[in-house]
Amino acid sequence: MLIILKSLSLPVILVSTVEFAIIFNMAIPYYMGVKLPFIASIVIGTIQLGATIDYAILMTTKYLEARKKMDKKSSVKYALDGSVSSIIVSALCFFGATFGVGIYSKLEMISSLCILIARGAIISMIVVIFVLPALLIIFDKLICKTTLGMKGRKKYE
């Protein structure tokens, strides 16, 4: 991400956003008192991060594209308009595939992991659609300063 986005700050912001979604997902069974297989946190962390970071990258690339021409709020609106439908379709497909296996499977470990993955897809979708845009606006100055080709964006604020 560092090389593709040409930014020092964006990889940290994107991974932090998805990690927040993973922690939120893992907190639900903890607070409900549900026991999970010992490998659940490793498996969920890896799969949820790998599968849902794409949502954040899609939105961020659209934001960067727009930010070269517009102010930060208009750029975020453009990024949302251009990526929300793709994010929702992808997350719902991911949810549907894993939720079905989670409900159908008789093996407790497979069932609990699939339910966690399914819930994680929905949580990540919500976080990327609602939290990431706010972070892009909040950290706009930092993003512009630490991303190649974004110097001088101040005039659009």
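The values are calculated or read from the model by the stated rules, or taken from the named source; none is laboratory data. Predicted, not measured: the structure shown is a model, and the values here were computed from it. Reconstructed Cβ throughout: ideal geometry from the backbone, glycine too, with neighbour counts over all protein chains shown. We work out accessible area using only protein heavy atoms, side chains counted, and drop any ligands, DNA or RNA first. Shrake-Rupley method; radii C 1.70, N 1.55, O 1.52, S 1.80 Å.
Protein heavy-atom surface of the chain, 1.4 angstrom probe: 72% of the accessible area is carbon and sulfur, with nucleic acids and ligands not counted.
What is the magnitude of the charge dipole of the chain about its Cα centre, with +1 placed on the Cβ of each Lys and Arg, -1 on the Cβ of each Asp and Glu, and no other charges, expressed in debye to the nearest 20?
Numbers: 17 positive and 8 negative charges, 158 e Å.
Its charge dipole is roughly 760 debye.
To one decimal place, what orientation-averaged projected area in nm² is obtained for the convex hull of the Cα set of the chain? Each step should come with its number before you reach the end.
On the way: hull surface 36.8 nm².
Dividing the Cα hull surface by four gives the mean projection, 9.2 nm².
Comparing mean-square fluctuations of 59, 125, 109 from a GNM of the chain with C-alpha springs under 10 Å, the top value falls on 109. In sequence order, the range 101-117 has phi-based couplings of 5, x, 6, 7, 5, 8, 7, 4, 5, 5, 4, 5, 5, 5, 5, 4, 5 Hz under the Karplus curve 6.51 cos²θ - 1.76 cosθ + 1.60, θ = phi - 60°, and Gly or Pro positions carry x.
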